[in-house]
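J.: Please read through the structure below; I'll follow up with questions.
The values are calculated or read from the model by the stated rules, or taken from the named source; none is laboratory data. What you see is a predicted model; the values in this text were computed from it and never measured. Backbone-built Cβ (ideal geometry, glycine too); neighbour counts: all protein chains shown.
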């Protein structure tokens, strides 16, 4: 999830609300104890849809949903897209910094995560990238510049999703 001010987001995306799926999940499962199939779509997907619908009907122009969980059509992404297409346009954007930058950001947060694990996780995530996502290398972008880049690319139609994605 990007950490930028509302003024920056409004300048590039209009009045914007953000939803972090991890925050939603922690509200009902703070210790991450529930089985994945119990929280992923039923709790998180549905709540994202309800919040998105609420924000859009109350004057927000853009809703950004940050997620580390909905990556592929087979892992619930198509279900989430189905919900969201009922309330507005949907774009899929993947922020993809370098492994070194991910390590730096994690260390900056005070977390102690093994470098090998980070490299494996980044490789696993990149293996999931498909041509339907708008991939942005934000290694050297400030959060403000990342928002500007997202807005520019979305305004050019990159990452637009108009129907369920191929499951390959």
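J.: Residue by residue through segment 104-132, note down the ones that are assigned to a loop (DSSP other than H, G, I, E, B) and without any contact (Cβ under 8 Å) to a residue 24 or more places away in the chain.
T.: Within segment 104-132, 109, 110, 111, 112, 113, 114, 131 meet the criteria.
J.: Just give me the residues in segment 56-83 being out of contact with any helix residue (DSSP H, G or I) (no Cβ under 7 Å at 6 or more places or on another chain), closer than 26 Å to residue 32 by Cα and either part of a helix (DSSP H, G or I) or modelled with pLDDT of 95 or more (or both), in sequence order.
T.: Correct list: 73, 74, 75, 77, 78, 81, 82.
J.: Look through 167, 86 and report the one residue that is surrounded by fewer than 17 Cβ atoms within 10 Å (Cβ to Cβ), touching a residue at least 40 places away in the same chain (Cβ under 8 Å) and either part of a helix (DSSP H, G or I) or on the phi < 0 side of the Ramachandran plot (or both).
T.: 167
J.: Which one of these is buried (at least 17 other Cβ atoms within 10 Å of the Cβ), under 15 Å from the mean Cα position of the chain (by Cα), closer than 23 Å to residue 137 by Cα and modelled with pLDDT of 85 or more: 93, 102, 4?
T.: Matching residue, one of 93, 102, 4: 93.
J.: Another question, if that's okay. Failed condition for residue 129, given (1) surrounded by 12 or more Cβ atoms within 10 Å (Cβ to Cβ); (2) closer than 23 Å to residue 5 by Cα, with all others met?
T.: Among (1) surrounded by 12 or more Cβ atoms within 10 Å (Cβ to Cβ); (2) closer than 23 Å to residue 5 by Cα, residue 129 violates only (2).
J.: Among the residues that make up segment 57-77, is at least one of them farther than 19 Å from residue 25 by Cα, crowded, with 18+ Cβ neighbours inside 10 Å and under 16 Å from the mean Cα position of the chain (by Cα)?
T.: Yes: one or more hits.
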